[in-house]
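Below is one structure; the comments refer to it alone.
The values are calculated or read from the model by the stated rules, or taken from the named source; none is laboratory data. Fair warning: this is a prediction, and the values are worked out from it, not measured in the lab. Virtual Cβ from ideal backbone geometry, glycine too; neighbours counted across all protein chains shown.
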Amino acid sequence: MHQQQLKKALKNAIYLLSDDKTMKQKIVGYHLDEAGDWVVELSCDHFQHVRHQPPFINRPWVVTEAGRKQMLGLELNCKKCDQNAPKDKV
Ligand SMILES: [Zn+2]
């Protein structure tokens, strides 16, 4: 890669990082809510629903244990962090 291209790529990466205002948080666990919907627990102590409601919301991975295990550590956007919402985990 040319020096110039490298600089450009680097600049782009920094721009992308700083432009992404949504906080990303890792999935650290799961639980079911009262309605039987899966909820992910994020590393920021916020919870987020990960419903599997085809055909509108397709998250087939969430209904199997293997799928959920595979998604552990994945980063999700946490809107609650952006809004400074209180923690869900007590
Ligand atoms: Zn959060």
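Things to note:
- The residues in segment 28-50 that are over 16 Å from LYS87 (Cβ atoms) and surrounded by 15 or more Cβ atoms within 10 Å (Cβ to Cβ) can be counted, and the count is 3.
- Residues (modelled with pLDDT under 65 and either of a type in the set (A, V, I, L, M, F, W, C) or assigned to a strand (DSSP E or B) (or both)) located in segment 1-29: MET1, ALA13, ILE14, LEU16, LEU17
- Consider segment 30-49 and keep the residues that are of a type outside the set (A, V, I, L, M), more than 11 Å from the ligand (Cβ to nearest atom) and not in a strand (DSSP E or B). The one that is nearest to LEU74 (Cα to Cα) is ASP37.
- Enumeration of residues in segment 53-83 that are free of Cβ contacts under 8 Å to residues at least 60 places away in the same chain, within 16 Å of the ligand (Cβ to nearest atom) and either within 12 Å of SER43 (Cα to Cα) or surrounded by 11 or more Cβ atoms within 10 Å (Cβ to Cβ) (or both): GLY73, LEU74, GLU75, LEU76, ASN77, CYS78, LYS79, LYS80, CYS81
- From ILE57, ILE27, residue being of a type in the set (A, V, I, L, M, F, W, C) and touching a Leu at 6+ places or on another chain (Cβ under 6 Å): ILE27
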